[in-house]
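J.: This is the structure, below, for whatever I ask next.
The values are calculated or read from the model by the stated rules, or taken from the named source; none is laboratory data. Everything quoted here is computed from the prediction, not taken from an experiment. Because the Cβ atoms are built from the backbone with ideal geometry, glycine has one as well, and the counts that use them run over all protein chains shown.
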Ligand SMILES: Cc1cc2nc3c(=O)[nH]c(=O)nc-3n(C[C@H](O)[C@H](O)[C@H](O)COP(=O)(O)OP(=O)(O)OC[C@H]3O[C@@H](n4cnc5c(N)ncnc54)[C@H](O)[C@@H]3O)c2cc1C
């Protein structure tokens with residue numbers, strides 16, 4: 001008998017899972033706390049244009065995911081030329097870093113210091129790097145680490161690089177040394193990937209979220225149920241310890257045979273009955289970073305050519321700025337203005353998180369002018385502040401031990417699957433969350449055992465081999 005599955009969350013992970021389950025004629029009900037589908041990858045209308053939650057480039061090297069993307073989106077996508085830079089020390093550096101461009105921008109003295117520190121590091125490298133700082137310094141030397149990795153990573157994570165787990169670097173940065181990058185830049189690289197994987201990406205014409213709106217339509221057509229504005233309070237268990245339903249925030253209880261959760265892992269686990277003490281303690285050790293997005297509408301159409309810019313400069317608080325004018329006319333239509341989006345990262349306890357929108361907008365307006373990213377004569381017509389709680393699971397050193405305590409506990413409840421970005425405490429891209437959703441559905445439909453926790457653990461590299469990634473994307 002097909003089972004009834006309840007899915008918590010209508011983001012990429014939850015919807016992909018629901019899509020496959022309903023296709024196989026399983027009974028599925030999704031509960032989503034917000035008013036629309038897409039989660040962090042949703043798109044929405046703003047000032048008669050369409051925007052995403054910061055930049056959302058879809059990319060995957062997995063055939064299953066790419067085929068699924070094509071199946072859903074059909075022809076409703078365009079190929080966008082990717083242009084991204086790092087802003088540091090009043091200069092723009094191409095990102096991913098290209099050694100020749102970076103060296104020309106830095107000047108001979110700094111390049112000499114970079115090479116010297118690289119050779120010094122080569123002699124006394126750390127055997128088993130445990131932190132992000134050690135991992136990066138081993139490969140690129142201290143000086144390059146300080147210029148291109150330290151400031152930005154600390155802005156993003158809010159903790160020193162010496163406390164960020166090396167696993168994050170291993171997941172995000174290809175195993176390439178400075179020497180190899182420089183050699184490839186001069187001599188060419190035999191493994192150079194196809195141009196489209198590096199310089200272009202497929203982008204749904206009506207914003208990244210339109211992919212999920214299409215999934216929503218198909219799930220409904222297939223008989224699935226999607227309840228928006230319906231937050232789940234907790235997952236219920238029966239006397240044998242199996243999951244058997246959810247309790248909604250409004251107190252209603254809904255039974256199910258299988259539970260798929262994409263809500264924050266630690267909140268989901270702590271909401272269960274009779275959770276052992278050591279598991280609760282492990283949950284308390286894991287934490288997330290929040291993002292505040294500030295959208296500004298500028299009365300100009302030609303501000304700068306990048307899709308987005310990483311802002312390393314410590315003199316401003318935001319870390320990235322997206323220019324939605326450079327993603328395709330499907331977003332702006334015939335409007336003659338540009339929407340920029342600035343990202344501020346913070347913890348829940350930080351003052352900025354609870355500051356009034358007016359204060360945060362003023363800060364963004366001041367900063368965008370300070371960086372001279374808009375002409376002095378340009379007018380900022382509108383501003384809008386959006387808060388994204390818990391969107392970055394923090395990989396603090398040692399987090400893996402706490403996470404594995406939680407994973408073991410969740411594994412002891414065989415009809416409960418935890419997937420997704422905060423759902424599995426994995427720094428996922430859309431493609432990883434989609435894959436988790438697809439494989440969770442496979443496990444439910446066929447009874448196979450999928451290694452869901454390990455998706456997005458092996459490194460996969462997106463860029464050209466003569467460039468240096470700093471782990472910035474996503
Ligand atoms: C600023 C930013 C930029 C990004 N850039 C990229 C990029 O360029 N490329 C890329 O591929 N990815 C990017 N990502 C990552 C991408 O957005 C995520 O990987 C993806 O959205 C994760 O999908 P998910 O389903 O796992 O989680 P989410 O998208 O977080 O969805 C989870 C859903 O669960 C709902 N929910 C939570 N708690 C409850 C509850 N108690 N009850 C009911 N519902 C609940 C939430 O409302 C949400 O809709 C970016 C993310 C951010 C924040």
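J.: Among the residues of the range 256-278 satisfying the criterion of being under 17 Å from residue 236 (Cβ atoms) and out of contact with any strand residue (DSSP E or B) (no Cβ under 7 Å at 6 or more places or on another chain), which is surrounded by the fewest Cβ atoms within 10 Å (Cβ to Cβ)?
T.: Step one: filter the range 256-278 for residues under 17 Å from residue 236 (Cβ atoms), giving 256-261, 263, 267-275.
Filter again for out of contact with any strand residue (DSSP E or B) (no Cβ under 7 Å at 6 or more places or on another chain), leaving 267, 269-270, 274-275.
Working: 267: 16, 269: 24, 270: 15, 274: 6, 275: 16.
Step by step, filter the range 256-278, then rank; the result is 274.
J.: Kindly indicate whether residue 388 is within 16 Å of the ligand (Cβ to nearest atom), crowded, with 22+ Cβ neighbours inside 10 Å, modelled with pLDDT of 95 or more and farther than 19 Å from residue 164 by Cα.
T.: Numbers: within 16 Å of the ligand (Cβ to nearest atom): yes; crowded, with 22+ Cβ neighbours inside 10 Å: no; modelled with pLDDT of 95 or more: yes; farther than 19 Å from residue 164 by Cα: yes.
So residue 388 does not fit the description; no.
J.: Pull out all pairs, ordered by first then second residue, where Cβ-Cβ is under 8 Å, the residues are six or more apart or on different chains, the first lies in the range 212-231 and is over 21 Å from residue 74 (Cα atoms), and the second is modelled with pLDDT under 95 and buried (at least 20 other Cβ atoms within 10 Å of the Cβ).
T.: Qualifying pairs under 8 Å: none.
J.: All but one of (1) more than 11 Å from the ligand (Cβ to nearest atom); (2) surrounded by 15 or more Cβ atoms within 10 Å (Cβ to Cβ) hold for residue 250; state the number of the condition that does not hold.
T.: (2)
J.: Now, a different point. Here are the criteria: (1) farther than 30 Å from residue 354 by Cβ; (2) part of a loop (DSSP other than H, G, I, E, B). Tell me which single one residue 260 does not satisfy.
T.: Checking residue 260 against (1) farther than 30 Å from residue 354 by Cβ; (2) part of a loop (DSSP other than H, G, I, E, B), the one that fails is (2).
J.: Looking at 349, 365 in this structure, which one is more than 16 Å from the ligand (Cβ to nearest atom) and either in contact with a strand residue (DSSP E or B) (Cβ under 8 Å, 6 or more places away or on another chain) or farther than 30 Å from residue 287 by Cβ (or both)? First the steps, then the outcome.
T.: Numbers: 349 fails: either in contact with a strand residue (DSSP E or B) (Cβ under 8 Å, 6 or more places away or on another chain) or farther than 30 Å from residue 287 by Cβ (or both).
None of the others qualify; the one that does is 365.
J.: If you check 111, 65, 28, 51, which single one turns out to be within 17 Å of residue 438 (Cβ to Cβ) and either buried (at least 23 other Cβ atoms within 10 Å of the Cβ) or free of Cβ contacts under 8 Å to residues at least 12 places away in the same chain (or both)?
T.: Exactly one residue qualifies, and that residue is 28.
J.: Collect the residues in the range 407-431 that are more than 14 Å from the ligand (Cβ to nearest atom) and not in a loop (DSSP other than H, G, I, E, B), keeping them in residue-number order.
T.: Let us first name the residues in the range 407-431 that are more than 14 Å from the ligand (Cβ to nearest atom), namely 407-416.
Scanning the range 407-431 gives 407, 408, 409, 410, 411, 416.
J.: Let me ask something additional. Within the range 439-451, take every residue that is outside any loop (DSSP other than H, G, I, E, B) and more than 12 Å from the ligand (Cβ to nearest atom) and give me the one that is surrounded by the most Cβ atoms within 10 Å (Cβ to Cβ). Full working, then the answer.
T.: Going residue by residue through the range 439-451, those that are outside any loop (DSSP other than H, G, I, E, B) are 439-446.
Next, from what is left, pick out any that are more than 12 Å from the ligand (Cβ to nearest atom): 439, 441-446.
Numbers: 439: 21, 441: 27, 442: 17, 443: 18, 444: 24, 445: 17, 446: 10.
Looking at the filtered set, the residue picked out is 441.
J.: I need the helices (runs of 4 or more DSSP H) fully contained in the range 1-109, keeping only those with at least 3 residues that are touching a helix residue (DSSP H, G or I) at 6+ places or on another chain (Cβ under 6 Å), within 16 Å of the ligand (Cβ to nearest atom) and at pLDDT 95 or above. Reasoning before the result, please.
T.: Numbers: elements: 12-23, 63-73, 99-106.
Of the helices (runs of 4 or more DSSP H) lying wholly inside the range 1-109, those with at least 3 residues that are touching a helix residue (DSSP H, G or I) at 6+ places or on another chain (Cβ under 6 Å), within 16 Å of the ligand (Cβ to nearest atom) and at pLDDT 95 or above span 12-23, 63-73.
J.: Another one. Of the residues 128, 154, which is farther than 16 Å from residue 180 by Cα, free of Cβ contacts under 8 Å to residues at least 24 places away in the same chain and not in a helix (DSSP H, G or I)?
T.: 128
J.: Something else about it: Could you say whether any residue in the range 264-272 is away from the ligand (no atom under 16 Å from the Cβ) and either on the phi < 0 side of the Ramachandran plot or part of a loop (DSSP other than H, G, I, E, B) (or both)? Step through it out loud before you land on a result.
T.: If we filter the range 264-272 for residues that are away from the ligand (no atom under 16 Å from the Cβ), which is where we start, we get none.
There is no residue in the range 264-272 that is away from the ligand (no atom under 16 Å from the Cβ) and either on the phi < 0 side of the Ramachandran plot or part of a loop (DSSP other than H, G, I, E, B) (or both).
J.: Take the conditions more than 16 Å from residue 231 (Cα to Cα) and touching a strand residue (DSSP E or B) at 6+ places or on another chain (Cβ under 9 Å) and apply them to residue 13. Does it pass? Write out each step before concluding.
T.: Details: more than 16 Å from residue 231 (Cα to Cα): yes; touching a strand residue (DSSP E or B) at 6+ places or on another chain (Cβ under 9 Å): yes.
Here the answer is yes, as residue 13 does meet what is asked.
J.: Suppose the filter is on the phi < 0 side of the Ramachandran plot and assigned to a strand (DSSP E or B); does residue 404 pass it?
T.: Details: on the phi < 0 side of the Ramachandran plot: yes; assigned to a strand (DSSP E or B): no.
No, not satisfied.
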